[in-house]
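Notes for the one structure printed next.
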Amino acid sequence: MTQVDVLLGLQWGDEGKGKIVDVLSPQYDMIARFQGGPNAGHTLEFDGKKFVLNTIPSGIFNEGIMNLIGNGVVIDPIILKRELDNLKKAGHDPVAAGKLVLARKAHLILPTHQLLDAANEQKMGAGKIGSTLKGIGPTYMDKTGRNGLRVGDTTLPDFKGRYNKLVEKHKEILSHYEFEYDLAEKEAAFFEAIEFIKNIPHVDSEHFVNSYLKEGKKVLAEGAQGTLLDVDFGSYPFVTSSNTTTAGACTGLGIAPNKVGDVFGIFKAYCTRVGGGPFPTELDNEVGENLRQVGHEFGATTGRARRCGWIDLPALKYAIMLNGVTELIMMKADVLDGFDTIYACTHYEHNGETIDYMPYDIISIQPKPVLKAIEGWKTDLTGITKKEQIPSQLADYIAFLEKELEVPIKYLSVGPDRMQTLMLK
Ligand code: GDP
Ligand code: IMO
Ligand code: MG
């Protein structure tokens with residue numbers, strides 16, 4: 001019997017999960033998304049081509065690998081259809097190839113969930129979360145509120161009746177906002193997409209994944225968002241609405257905790273965040289702008305500029321603890337190629353004390369980062385292919401991080417392409 005390895009982000013998302021899942025997927029029989037929805041944008045680059053996936057797991061470009069959209073994911077049928085249509089235009093048809101399946105128990109994002117997301121954010125004004133406006137929060141609310149519609153419901157004879165009942169409820173809530181909307185066009189697209197997704201095989205993800213494990217096959221669970229956006233442990237309320245941590249892989253696929261194997265934690269050599277909320281190491285200055293331009297830090301889903309800052313070790317240690325990370329993967333080291341000096345936040349100053357953890361009141365009193373200066377490597381990393389070519393300053397930075405974080409860094413990413421990945425261990 002095998003176990004499920006988990007790969008997830010340790011920061012505020014966009015660490016490069018899509019790229020690394022694609023790189024690792026030849027080692028697996030199945031890639032399974034376990035939470036989040038089309039708020040995610042996972043970018044893959046190979047053979048001069050670039051793809052952004054929102055709902056579909058990042059294993060679809062490799063041969064012989066099953067891809068599961070798990071029960072913990074929330075699905076916008078319109079976006080899923082668009083993703084598959086675009087892939088087809090680019091010569092990839094994972095449905096026809098029999099390598100994509102959908103969990104019956106995954107919840108559906110309705111057009112009115114998106115309207116509720118938008119109405120709510122509009123009302124919050126300056127204090128808004130900075131949601132991707134994909135309807136994620138309202139859909140998970142209906143899931144936990146026991147009102148939601150699931151993929152498996154689409155084949156029931158009274159699906160339309162159930163849909164209407166939920167939409168009436170949403171319209172009632174929307175009437176309390178000063179918010180104008182036009183539902184008709186979206187609704188037509190929704191029902192067209194519902195018919196379309198009936199062509200993707202529906203499975204019970206819990207049985208599907210466990211049968212793979214029983215047969216000794218290898219499964220990799222692909223996280224979305226990042227640990228610091230986790231609904232329980234992130235900087236609440238500036239979080240997403242799912243458990244982005246390893247525990248989420250258990251509930252989002254139907255696997256027992258003792259079925260979790262390796263946990264790959266991905267982080268950038270610096271840090272970014274998109275949307276509102278605390279970000280202690282943020283560089284709201286030209287250094288941050290430099291990171292944004294060199295790292296192309298603009299959202300894969302919404303195009304919004306990502307906030308940029310230095311690496312935050314107290315936050316990373318927290319994420320490693322919560323997830324049980326066994327191996328680290330450092331991304332985007334090449335973005336720091338031009339810096340004479342880079343910095344790492346080792347502690348925070350908070351209420352007159354020096355602390356090394358994220359405090360509960362981080363929302364109201366943002367801690368001040370204590371920064372350690374690190375000599376830059378001033379070398380173009382994008383063409384290196386062997387660990388022997390790593391400049392000594394970068395080797396020192398890696399050794400420093402491993403000592404601080406107490407977990408080995410197994411892979412180093414030096415560019416967006418599949419090939420720009422070095423195995424260190
Ligand atoms: P994800 O949501 O975690 O999959 O990450 P995103 O795709 O949203 O954002 C990561 C961005 O960085 C994408 O544009 C990737 O193509 C790019 N990327 C990934 N790894 C590297 C790297 O090592 N160096 C550089 N320069 N870009 C990278
Ligand atoms: P990937 O998988 C970065 C952020 C939003 C907002 C907050 C809540 O590509 O790393 P939501 O739409 O979930 O209600 O938004 O979470 N957010 C992400 N930030 N990467 C993502 O996904 C994100 N998904 C949501 O910007 O601050
Ligand atoms: Mg992303």
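Nothing in this text is a laboratory measurement; each read-out follows from the coordinates by a stated rule. Since we're looking at a predicted model, the values are computed, not measured. Don't worry about glycine lacking a Cβ; one is built from the backbone with ideal geometry, like all the others, and counts go over all protein chains shown.
DSSP loop (so not H, G, I, E, B), at most 13 other Cβ within 10 Å: list which GluC sites (Glu not before Pro) in the stretch 116-220 pass both filters. Could you put the intermediate results ahead of the total?
On the way: sites: GLU121, GLU168, GLU172, GLU178, GLU180, GLU185, GLU187, GLU192, GLU195, GLU206, GLU215; in loops: GLU178, GLU180, GLU215.
In loop regions of the stretch 116-220 (DSSP not H, G, I, E or B), the sparsely surrounded GluC sites (Glu not before Pro) are GLU178, GLU180, GLU215.
Going by a ≥ b ≥ c, the root eigenvalues of the Cα gyration tensor, does the stretch 105-196 fall in the rounded group (a/c under 1.5), the prolate group (a/b larger than b/c) or the oblate group? Intermediate values should be presented prior to the final figure.
On the way: a/c = 1.91, a/b = 1.66, b/c = 1.15.
Verdict is prolate for the stretch 105-196.
Could you order peptides 93-100, 350-357 by the average number of other Cβ atoms within 10 Å of their residues, highest first?
93-100, 350-357
For a quick check: sort MET423, MET141 by the number of other beta carbons within 10 angstrom, fewest at the front.
With the sparsest Cβ surroundings first, the list reads MET423, MET141.
Give me TRP12, TRP310, TRP377 ranked fewest to most by other Cβ atoms within 10 Å of their Cβ, as a rough exposure proxy. Walk me through the numbers on the way to the answer.
Details: TRP12 28, TRP310 24, TRP377 21.
Lowest count first: TRP377, TRP310, TRP12.
Mind listing the long-range amide H neighbours of ALA32? Cut-off is under 5 Å, sequence gap 5 or more, other chains count too, H placed in the peptide plane at 1.01 Å from N.
LEU68, LEU220, ALA221, GLU222
Find the percent of Cα-Cα distances in the stretch 266-421 that exceed 25 Å, and round it to a whole number.
Details: 3583 of 12090 pairs.
Counting pairs separated by more than 25 Å, the tail of P(r) holds 30 percent.
Sequence-distant or interchain residues sharing an amide H contact under 5 Å with HIS347, placed H: which?
Here VAL370 satisfy the definition.
Under 1.5 on a/c is rounded, so check that first for the stretch 1-92, then, if it is not, pick prolate when a/b is larger than b/c and oblate when it is not; a ≥ b ≥ c are the square roots of the alpha carbon gyration tensor eigenvalues. Could you put the intermediate results ahead of the total?
Working: a/c = 1.30, a/b = 1.13, b/c = 1.15.
Here the stretch 1-92 falls in the rounded category.
Hey, what do the phi angles of the stretch 114-128 turn into as Karplus ³J(HN,Hα) couplings, whole Hz, using 6.51/-1.76/1.60 and θ = phi - 60°, x for Gly and Pro?
Couplings: 5, 4, 5, 4, 5, 4, 5, 5, 4, 5, 6, x, 5, x, 5 Hz.
Which ³J(HN,Hα) values in Hz, rounded to whole numbers, follow from the phi angles of the stretch 244-252 under the Karplus curve 6.51 cos²θ - 1.76 cosθ + 1.60, where θ = phi - 60° and Gly and Pro get x?
8, 8, 3, 4, x, 5, 5, 6, x
Excluding residues on the same chain fewer than 8 positions from LYS123, give the lysines whose Cα lies under 18 Å from its Cα.
Cα-Cα hits under 18 Å: LYS134, LYS171.
Each residue of the stretch 376-382 in order: what ³J(HN,Hα) in whole Hz does its phi give by Karplus 6.51 cos²θ - 1.76 cosθ + 1.60, θ = phi - 60°, with x for Gly and Pro?
Working through the residues one at a time gives x, 9, 6, 9, 6, 8, 5 Hz.
Between rounded, prolate and oblate, where does the stretch 1-54 land on the alpha carbon gyration tensor, with a ≥ b ≥ c its root eigenvalues, rounded for a/c under 1.5, else prolate if a/b exceeds b/c?
oblate
How big, on average over all directions, is the shadow cast by the Cα convex hull of the chain, in nm²?
Mean orientational projected area (the chain, Cα hull): 20.5 nm².
What are the residues whose amide H is under 5 Å from the amide H of VAL4, where those residues sit 5 or more places off or on another chain and H is modelled from the backbone?
VAL260, GLY261
Charges at C-beta only: +1 for Lys and Arg, -1 for Asp and Glu. How large is the resulting dipole of the chain about its Cα centre, in Debye rounded to 20?
Here the size comes out at about 1000 debye.
Using Cβ counts within 10 Å as a stand-in for footprinting exposure, how do ILE320, ILE60, ILE109 rank, fewest first? Intermediate values should be presented prior to the final figure.
On the way: ILE320 20, ILE60 25, ILE109 29.
Least to most surrounded, the residues fall as ILE320, ILE60, ILE109.
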